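The values are calculated or read from the model by the stated rules, or taken from the named source; none is laboratory data. Not measured: the values here are computed from a predicted model. Cβ sites come from the backbone with ideal geometry, for glycine too, and all protein chains shown count toward neighbours. Protein only, heavy atoms only, side chains kept; ligands, DNA and RNA dropped before computing areas. Shrake-Rupley method; radii C 1.70, N 1.55, O 1.52, S 1.80 Å.
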Amino acid sequence: DVTDLFSLRLQAGKLTSFGNIIGQDHKMYKIFKHIRDVSSYDYPVHISGETGTGKELVANAIHSESSRNGAPFVPINCGALPEGLIESELFGHVKGAFSGAIRDKKGRFEMADGGTVFLDEVAELSNNMQSKLLRFLQENNFERVGDEHTRSVDVRVISATNKNLKEAVKKGQFREDLYYRLNVIPIHIPPLRERKIDIPLLIERFLLDAGERYSRDPLKVADESMSLLLDYSWPGNVRELQNAIQFAFVKCSSNIIEPHDLPIELREVEKKISRRGPAKKLNIEGVRAALIKTGGNKAKAAKLLGVGRATLYRFLGDHPEAGEIR
């Protein structure tokens, strides 16, 4: 049974990816389980998380695991659509509804009939569009712009934002009734800095994809480079990490990515480390990621982390959970 196999692998810590989402951190395991749990139901899901954390990947995974997986998955970036066009984009229009409407056009909700609509950056919707979306969620029907004929579709709605919707409600920037309609099942994706154990896995995938695309032998990452990648805070999250690896892939002239192949932001981290001297603050996630990367070899992990073996051993003595690798 596929479900039982998934549960066993999850419990044993053997999963490294799920639905194109890379992760082995316990926070990501909770999200994997959440995806499986909610995919069987059509209740609205709201995904929160910083920019670049992979909200659309999670939405797509929910769709793929559901009974709707043979129907369309239609993403809509609410923040990228001009205010004057967003109603037409969502609900469609009829010929002559406005200047330039030379023919009838289906909206994204009609295109997704039977499937899933993903409303990304939903907090960017105007008050007027929030009202129209609320009506659709309540009644499952709508009218195209310029049309009097009411239409209905069968879609699941998944929304996402990098903002705090509850705070937006308090400030009067987002309708409270719409918030409760969308936030039936909340899922929060942690930032990459809170799951650094996944960084080596993500780098390996990005390098493999790049190598396959450009028919190039697999590249390795030098220990010093990996240390910088683990130390960086990644404000742009997984998307920024992917960009950094693609940059290094292009710049690297050998088969090993050295620190000088990395973007300047990461080389600035190297300068800060040099100025700080040999003392370095370790953290549980970083140590665990280094031990996984080195197959549990503490000497190599210490080198990767840029500390002496004695420092690492002292840290593991104080924080034994850091040495509990899967």
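Using alpha carbons only, how many degrees (0 to 90, rounded to 10) separate the axis of helix 26-38 from the longest principal axis of the chain?
Roughly 30 degrees, rounded to the nearest 10.
Projected onto the charge dipole of the chain (+1 at Lys/Arg Cβ, -1 at Asp/Glu Cβ, origin at the Cα centre), which of Ile264, Leu192, Leu182 gives the Cα projection farthest towards the positive end?
Ile264
Among Asn77, Val94, Ser215, whose Cα projects farthest towards the positive end of the dipole of the chain, with charges put on the beta-carbon of Lys, Arg (+1) and Asp, Glu (-1)?
Going by the Cα projections, it comes out as Ser215.
Please give the per residue accessible area of the stretch 152-257, computed with a probe of 1.4 Å over protein heavy atoms only, in Å². Before the final figure, lay out the partial values.
Details: 5390 Å² over 106 residues.
On a per-residue basis, the stretch 152-257 sits at 51 Å².
In terms of modelled amide H atoms, which long-range or inter-chain residues lie less than 5 Å from the amide H of Val221?
Close amide H contacts, sequence-distant or interchain: Ile257.
Kirkwood Rh over Cα pairs of the chain into Stokes-Einstein at 10 °C, 1.306 mPa s: D in µm²/s?
Numbers: Rh = 22.3 Å.
Reported coefficient: 71 µm²/s.
Given a 1.4 angstrom probe, what's the average accessible area per residue across the stretch 31-81, in square angstrom?
Working: 2130 Å² over 51 residues.
So the stretch 31-81 comes to 42 Å² accessible per residue, rounded to a whole number.
Report Rg(Cα)/(2.2 N^0.38 Å) for the stretch 181-276, keeping two decimals.
For the stretch 181-276, the normalised Cα radius of gyration comes out at 1.21.
Calculated FRET efficiency, Arg314 and Lys171, Cβ-Cβ r, R0 41 Å, to nearest 0.05?
On the way: r = 47 Å, r/R0 = 1.15.
The formula returns an efficiency of 0.30 here.
Quick check: net charge around Asn297, other residues with Cβ under 13 Å of its Cβ, Lys/Arg +1 and Asp/Glu -1? Let's see the in-between values first.
On the way: positive: Lys293, Lys298, Lys300, Lys303, Arg309; negative: Asp223.
Its environment carries a net charge of +4.
Roughly how tilted is helix 55-65, in degrees to the nearest 10 and between 0 and 90, from the longest Cα axis of the chain?
70
In the chain, carbon and sulfur make up what percent of the accessible area (probe 1.4 Å)? Provide the component values of the computation, followed by the final result.
Working: 8060 of 16800 Å².
Carbon-and-sulfur percentage of accessible area, whole number: 48.
How many percent of Cα pairs in the stretch 102-217 exceed 22 Å?
Values: 3540 of 6670 pairs.
Roughly 53 percent, rounded to a whole number.
Taking only C-alpha pairs under 8 Å that are 6+ residues apart, what is the relative contact order of the chain in percent?
Working: 506 pairs, mean separation 57.8, N = 326.
Value for the chain: 18 percent.
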